[in-house]
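What follows is one structure encoded as structure tokens, with my remarks underneath.
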Amino acid sequence: MALSRQDVAKVGLLARLALSGDDLDRMTGELSKIVGFVSQLEELDTADVVPLAHPLDTQNVFRDDEPAASLTTAEALQSAPRHDGACFLVPAVLGESGAA
Amino acid sequence: MQPLELSAVDLVAAIRQGDVSAVRVAEAFLDRITSVDGAIHAFLHVDREAAIARAADIDARRKAGKPLGALAGLPVAVKDALCTADQPTTCASRMLAGFRPPYDAEVVARLRRADAVLVGKTNMDEFAMGGSNENSAFGPVHNPWDLARAPGGSSGGSAACVAADMAPVAIGSDTGGSIRQPAGLCGITGLKPTYGRVSRRGLVAFASSLDQIGPMTRSAADAALVMEAIAGHDPGDSTSLRAEVPPYASLLEQPLTGLRIGRVAEHFGPGLDPEVAHGVEEAFAAFKAAGATIHDVELPHAKYGIATYYLVAPCEASSNLARYDGAHYGHRAEPGKGHRAEPGKGHRAEPGKGHPADGVMTFESPLVEMYCRSRAEGFGPEVKRRIMLGTYALSSGYYDAYYAKALRVRRLIRQDYLDAFRGVDLIGGPVSPTPAFPLGEKTSDPLAMYLVDMYTVGTNLAGIGGISFPCGFTKGGLPIGFQLQGPALSEPLLLRAADRYQRLTDWHRRRPKLPA
């Protein structure tokens, strides 16, 4: 299964990874090879097999709803690249202008 | 008394009895780190002062007759994938360089409550993705048995530091073999517990349905001691099992007679190094001599393990690693470097100005550009590859063909184990197809690197337990590992079988010769 350079660029945007032209060239080859390898699963007939997303059979695990301490604002912000003491600061979500 | 030569069990007893002080023990291991880690690079961070202060506190409490934890004074190294509030936690990634977690991982908290002395954070493949430790953003680890060879991965620093006597115990994590494979390649004992046996809270997530924390030690008896401290239900991890923690150490005393060990013929097929095959067969013979019986078992879908794993794990990773967005913590790309937005044309990168997007990608907003550039700068090549692979396999039009297909095969793989364990108690075999390979040998071929996990990924896909321990050495002096896999919650049996083997052999006592 070969991926095209455009496929890889599209996946890069979905994955929020900026890729250079060299990255795209290299990854197009590497991912095609890996996808070709994993495609061997096609030879198995699994029409009647229920997908197994998780190895444990446990479901709907709840803990008691008891109040407990959570992170303070300062702790939550301590490793933030930019913040104003109360909020995380990020570049403009819409449009072209504004930076943090 | 030379602390470096004592087992963890003996160290804890000696400190408790006052035969040696916790400070003296901590200093011995810290001095060893100073003298040999320059050549090995097992540690990313060593906190000498804090470790000695902690040890001094334990000594003071012992002298005052106050109660001490089960691991009092035991030096422990922790893989840099576990959060530590007082030490950096980087996952060997530039993305998390300098990151200080706001809390301790549950396992770290339990180690502290047991009065272990945390000596530092160990090197690893970036975000635990790799089988050689060469994917660390801070440089590879060197195998103590041959410094030109890889220690395995991803817990390569944890394996190497125990093998080189820099810590008697290290903590690793295993998503597809990342405890057992480096333990095998470095000649130590590594236990991958049943999924959910040990809390994952505060373990930086790679593939959440596969990740499990476990001990890396010089012996199964030491692993049993550590498991008693770290295993058990944690309300903070909804996938942690509500099962009683057995007294692993005292259960070691039960005899091995009647144990049925399965042997999978396909494990000895093409690709297995002849010296590894020989060492593994000798281990089967030793178990037989110890009273076990060996039976042929089949795992018909095991050959699909790597393909299944390299869909399930990257899919989960692509989702888990979405959290590294340059906004909340971790690396953020500086704005505007070599780049200007073109008004009215979308946020498009200019070609030829050193911008990573090289004119190929268009960003819909400054925020999205910040995400994309921060992640491009912060993640290394293998992490990007897996994020891309997982994103592709989960994307519209491919989800059923790849991710859902892999989950169906995952059930077949788990069912194979359930069927096999109706006839045998444990399954034995090699840990890795070869002994430690030269650094650089597989770095240009990602798929070749993936195949080093061929004997270990099934354990994780099935959610069961596995242990690896040394069963011989090659003519060139490299350790050979033996793996036992057991049903869910079979840790007492896995540890007991490995311990019994280690009472009859001395492979696990061998130490590499290092220039001190």
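Residues in region B:227-265 that are touching a residue at least 24 places away in the same chain (Cβ under 8 Å), away from every other protein chain (no Cβ under 14 Å) and closer than 21 Å to B:Gly463 by Cβ: B:Met227, B:Ile230, B:Ala231, B:Gly232, B:Pro246, B:Tyr248, B:Ile261, B:Gly262, B:Val264. Might you check whether a residue that is more than 9 Å from chain B (Cβ to nearest Cβ), without any contact (Cβ under 8 Å) to a residue 60 or more places away in the chain and over 30 Å from B:Pro381 (Cβ atoms) occurs anywhere in region A:87-99? Scanning region A:87-99 turns up at least one residue that is more than 9 Å from chain B (Cβ to nearest Cβ), without any contact (Cβ under 8 Å) to a residue 60 or more places away in the chain and over 30 Å from B:Pro381 (Cβ atoms). Of all residue pairs spaced 6 or more apart or on separate chains, those with beta-carbon atoms under 8 Å, a first member in region B:501-515 that is surrounded by 14 or more Cβ atoms within 10 Å (Cβ to Cβ) and a second member that is among the charged types (D, E, K, R) are B:His508/B:Arg218; B:Arg511/B:Asp165. Restricting attention to region A:32-40, does a residue exist that is hydrophobic (A, V, I, L, M, F, W, C), closer than 15 Å to B:Tyr403 by Cβ and within 17 Å of the chain's Cα centre (by Cα)? Looking for residues that are hydrophobic (A, V, I, L, M, F, W, C), closer than 15 Å to B:Tyr403 by Cβ and within 17 Å of the chain's Cα centre (by Cα), one finds none in region A:32-40, hence no. Counting only strands (runs of 3 or more DSSP E) that fall entirely inside region B:202-318 and contain at least 2 residues that are touching a strand residue (DSSP E or B) at 6+ places or on another chain (Cβ under 7 Å) and crowded, with 21+ Cβ neighbours inside 10 Å, the qualifying elements are B:212-217, B:260-264. Taking (1) closer than 18 Å to B:Leu111 by Cα; (2) part of a loop (DSSP other than H, G, I, E, B); (3) without any contact (Cβ under 8 Å) to a residue 60 or more places away in the chain in turn, B:Asp19 satisfies each apart from (1).
Which is assigned to a strand (DSSP E or B) and more than 13 Å from B:Val119 (Cβ to Cβ), of B:Gly184, B:Gly176, B:Gly196, B:Gly190?
Working: B:Gly184 fails: assigned to a strand (DSSP E or B); B:Gly176 fails: assigned to a strand (DSSP E or B); B:Gly196 fails: assigned to a strand (DSSP E or B).
After applying the criteria, what remains is B:Gly190.
Checking each residue in region B:378-404 for being facing chain A (nearest Cβ under 9 Å), under 20 Å from B:Glu134 (Cβ atoms) and of a type outside the set (Val, Ile, Thr) picks out B:Phe379, B:Pro381, B:Lys384, B:Arg385, B:Met388, B:Leu389.
Which of the residues spanning region B:62-80 are part of a strand (DSSP E or B) and aliphatic (A, V, I, L, M)? Lay out the reasoning, then the answer.
Initial filter on region B:62-80 (part of a strand (DSSP E or B)): B:75-79.
Listed by number, the residues that qualify are B:Val76, B:Ala77, B:Val78.
Within region A:44-75, the set of residues being at pLDDT 85 or above, at the interface with chain B (Cβ under 7 Å from one of its Cβ atoms) and over 28 Å from B:Ala307 (Cβ atoms) comprises A:Leu71, A:Glu75. B:Ser468 meets all of the listed conditions (1) away from every other protein chain (no Cβ under 14 Å); (2) surrounded by fewer than 22 Cβ atoms within 10 Å (Cβ to Cβ) but one, namely (2).
Go through (1) within 22 Å of A:Ser39 (Cα to Cα); (2) within 9 Å of another protein chain (Cβ to nearest Cβ); (3) modelled with pLDDT of 95 or more and name the single condition B:Leu447 misses. Evaluating B:Leu447 over (1) within 22 Å of A:Ser39 (Cα to Cα); (2) within 9 Å of another protein chain (Cβ to nearest Cβ); (3) modelled with pLDDT of 95 or more leaves (3) as the failure. Residue pairs whose Cβ atoms lie under 6 Å apart, sitting 6 or more positions apart in sequence or on different chains, and linking a residue in region B:266-293 that is under 17 Å from B:Leu185 (Cα atoms) to a partner that is surrounded by 17 or more Cβ atoms within 10 Å (Cβ to Cβ) and not hydrophobic (A, V, I, L, M, F, W, C), are B:Gly271/B:Pro433; B:Leu272/B:Pro433; B:Asp273/B:Thr434; B:Glu275/B:Thr474; B:Val276/B:Pro430; B:Gly279/B:Gly472; B:Val280/B:Pro430. B:Lys442 fulfils the conditions (1) within 25 Å of B:Pro246 (Cβ to Cβ); (2) of a type in the set (Lys, Arg); (3) away from chain A (no Cβ under 12 Å) except for a single criterion, (1). Of all the listed residues (B:Met129, B:Met216, B:Met166), the sole one being within 19 Å of B:Leu11 (Cα to Cα), in contact (Cβ under 8 Å) with a residue 60 or more places away in the chain and within 15 Å of the chain's Cα centre (by Cα) is B:Met216. On inspection, B:Ala167 passes the criterion of being farther than 25 Å from B:Gly429 by Cα and touching a helix residue (DSSP H, G or I) at 6+ places or on another chain (Cβ under 9 Å).
A single member of A:Thr46, A:Thr72 is out of contact with any strand residue (DSSP E or B) (no Cβ under 9 Å at 6 or more places or on another chain) and within 22 Å of B:Tyr329 (Cα to Cα), and it is A:Thr72. Residue check: B:Leu44 meets all listed conditions (1) of a type in the set (A, V, I, L, M); (2) surrounded by 16 or more Cβ atoms within 10 Å (Cβ to Cβ); (3) assigned to a helix (DSSP H, G or I); (4) in contact (Cβ under 8 Å) with a residue 60 or more places away in the chain but one, namely (3). Checked against (1) in a strand (DSSP E or B); (2) within 13 Å of chain A (Cβ to nearest Cβ), B:Lys121 meets all criteria but (2).
The values are calculated or read from the model by the stated rules, or taken from the named source; none is laboratory data. Small disclaimer: the values here were computed from a predicted structure and weren't measured. Note that we place each Cβ from the backbone using ideal geometry, even for glycine, and neighbour counts take in every protein chain shown.
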